[in-house]
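The values are calculated or read from the model by the stated rules, or taken from the named source; none is laboratory data. Because the structure is predicted, anything quoted here is derived from the model rather than measured. FYI the Cβ positions are ideal-geometry reconstructions off the backbone, even for glycines, and counts take in every protein chain you see. Accessible surface is based on the protein model in full, side chains and every heavy atom, while ligands, DNA and RNA are left aside. Shrake-Rupley method; radii C 1.70, N 1.55, O 1.52, S 1.80 Å.
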Amino acid sequence: MDMRFSITLPREAYTVAVMREFLGEALRTGGLCDECVFKILLAASEACTNAVDHGAPAPDYEVVARVDEHSCVLEIAHKGQEFTGAGVPLPELEAESGRGILLMRQLMEDVAFTGAEEGNTIVRLCKRLHENEPPENGRGTSPTVVLC
Amino acid sequence: MSGRDGERFRCGEAVVVPVHGEIDIATADDMRDRLLGEAARTDCACMVVDLSRVEFFDASGRRALMAAYQRLTRDGRHMVLAEPAPAVSRVIDVLGLSGSFEVYPLVEMALAHTRASARQAGAPGAAEHRTGRFPGME
């Protein structure tokens, strides 16, 4: 089961829920377990919240998802100000974005901030899928959805 | 921070405010304003935030609850959380909210706490149980 899609959304608060709805439906269709979907949607919500909060003056942000039998990788990107949480110490997180990063790190196996040198801010979230619960084929076969 | 080991305010009257739907960047401030509005409208000594019908909750929700808590505390009022839905419990656990808030597994347990506090303070016994509805995203 391989699935890839991207969606570009206006940098507005309401679109974070739109992203969850779209991504959640795609992940469930791809056969991911409820626990995985919950963690991925919560982490993605935090990353998109950061994009909305810190992405000025970019008018929009992009969510790219790639899912195969081993992992789910999300990239949340915008062309606004650089925002890197890589150096934020976990015990001293007070800022709102810091709380979000703490949640992302708890929920996903890998959280990385990249792309600053190219003028982008990209948060890369990686979730390993349960080895004992491989994704089922779902209702479709290898759907590829691209909405840009 | 207030905790279970210290009772700083008499809590004779309680208002129960249910929170519904998805709490995120788009709705968290509305939830905070709703809680503060209910506190002002009812002039309650204690607010029980019923989180049993929350379907999504992230760090924005945590920030909004903390803002309401700090404001009510400053006004000499008490705020506790009750019956967190699974989506809320997970975030509470990760962010350590239970170290900041009193969290009760059931609304009735939160109300029993307020009644006990009222008796200890010599106030009229029964907690006043009102409800307000949060117009969340449903």
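Some values worked out for this structure:
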read-out: A:Lys127, A:Lys39, reordered so the largest accessible area comes first (probe 1.4 Å); value: A:Lys39, A:Lys127
read-out: Accessible-area value, B:Ser117, 1.4 Å probe, nucleic acids and ligands omitted, Å²; value: 10
read-out: Three principal axis lengths of segment B:14-130 [C-alpha, angstrom, descending]; value: 41, 25, 22
read-out: Point-to-point label distance, B:Glu108-B:Met66, nm (Cα→Cβ direction, 7 Å offset); value: 3.4
read-out: Taking segment B:14-130 and dividing mean pair separation by its residue count, relative contact order in percent (alpha carbons under 8 Å, at least six apart); value: 29
read-out: Order of exposure, largest accessible area first, which applies to A:Arg99, B:Arg119 with probe 1.4 Å; value: B:Arg119, A:Arg99
read-out: Accessible area in the full protein assembly, largest first, 1.4 Å probe, for A:Glu75, A:Glu21; value: A:Glu21, A:Glu75
read-out: Rough spin-label spacing in nm, given labels placed 7 Å along Cα→Cβ, for A:Thr114 and B:Ser52; value: 4.7
read-out: Average accessible surface area per residue within segment B:13-93, 1.4 Å rolling probe, Å²; value: 32
read-out: Accessible surface of A:Asp68 - all protein chains present, 1.4 Å probe, nearest 10 Å²; value: 50
